[in-house]
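In what follows, a structure is listed as structure tokens, so that the remarks can point back to it.
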Amino acid sequence: MPEPSIRIAQAADERELAVLDRATWSTLHAVTPQPEPPYQPFFDERHPPREFLVAEADGRILGYIRLTRPTPLASNAHVLTVQGFAVADEARGRGIGRALVRAAVAEARRRGARRLTLRVLAHNTPARSLYEAEGFAVEGVLPGEFLIDGRYVDDVCMGRSL
């Protein structure tokens, strides 16, 4: 498989992104119930294509990362946050997740952000390791924030300066 290219999502990517999102759903990272038909649109007013970076190879989307503002406040406009990140199972272990995180950092800088933040479930060790390797640090923990599969799971807040 060739090296993926990373680009801003387009409206035409909606179906493929929706299928990827459902296929990668897991209690390792999801705090919402597993999606069931009828499915909600992948893109909507709160989740427009311009907020998503996609990794693509051979005309197929292999992953995405979403960058958005954490609040609509002017005093917080210098911060962007990662809210959504997925890599297709068959593409894991090829550096696509790392490439998407690096592209998100570059895109956040391009958009003028001074900080990039994210939240990750404490039991998601692979994601936490990736984020730490890419310069994110734990900035706070919300103990027992989510009840997933009968267990309370901490929500870990991470961030980095740009």
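Obtain the nm distance between the two label points defined at Ala23 and Arg69 by a simple spin-label model: each point lies 7 Å from its Cα along the Cα-to-C-beta direction.
3.4
Could you list which residues have their amide H under 5 Å from that of Leu62, counting only those 5 or more apart in sequence or on another chain, with H placed in the peptide plane?
Ala55, Glu56, Ala57
Quick one: give the max-minus-min coordinate of the C-alpha atoms of the stretch 69-162 along each principal axis, largest first, in Å.
40, 32, 20
Taking the Cβ of Ala86 as the centre, find all other residues whose Cβ is under 11 Å away and add up their charges (Lys, Arg: +1; Asp, Glu: -1). Show your work: numbers first, answer last.
On the way: positive: Arg22, Arg66, Arg92; negative: Asp21, Asp89.
With Lys, Arg at +1 and Asp, Glu at -1, the net is +1.
Ignoring any ligand, DNA or RNA, what whole percent of the accessible area of the stretch 1-57 comes from carbon and sulfur when the probe is 1.4 angstrom?
Within the stretch 1-57, the accessible surface is 52 percent carbon and sulfur.
Which of the three applies to the chain, rounded, prolate or oblate, going by the alpha-carbon gyration tensor with a ≥ b ≥ c and a/c under 1.5 meaning rounded?
Since a/c stays below 1.5, the shape of the chain is classed as rounded.
Averaged per residue, what accessible area in Å² does the chain show with a 1.4 Å probe, protein chains only?
Here the residues of the chain average 57 Å² of exposed surface.
When the Cα centres of the stretch 52-103 and the stretch 141-162 are compared, how far apart do they sit, in Å?
Taking the Cα centre of the stretch 141-162 as reference, the centre of the stretch 52-103 is 19 Å away.
If you roll a 1.4 angstrom probe over the protein chains with everything in place, what fraction of the accessible area of the stretch 66-153 belongs to carbon and sulfur, to the nearest %? Numbers along the way, then the final one.
On the way: 2490 of 4880 Å².
Answer for the stretch 66-153: carbon and sulfur cover 51 percent of the accessible area.
So which GluC sites (Glu not before Pro) in the stretch 13-76 pass both tests, a DSSP loop state and at most 13 other Cβ atoms within 10 Å of the Cβ?
Those satisfying the criteria are Glu45.
If the chain between Arg102 and Phe146 were fully stretched, how many nm would it gain, using 0.36 nm times the residue separation less the Cα-Cα distance?
13.0 nm
If I histogram all Cα-Cα distances within the stretch 29-99 using bins 10 Å wide from 0, what percent of pairs lands in each bin?
16, 42, 34, 8, 0
At most 15 other Cβ atoms within 10 Å and a DSSP loop assignment: could you name the trypsin sites (Lys or Arg not before Pro) in the stretch 1-84 that fit?
Passing sites in the stretch 1-84 are Arg46.
The values are calculated or read from the model by the stated rules, or taken from the named source; none is laboratory data. None of these values were measured; they are calculated from a predicted model. With ideal geometry, Cβ positions are generated from the backbone for all residues, glycine too; neighbour counts draw on all protein chains shown. For accessibility, only protein heavy atoms count, side chains too; no ligands or nucleic acids. Shrake-Rupley method; radii C 1.70, N 1.55, O 1.52, S 1.80 Å.
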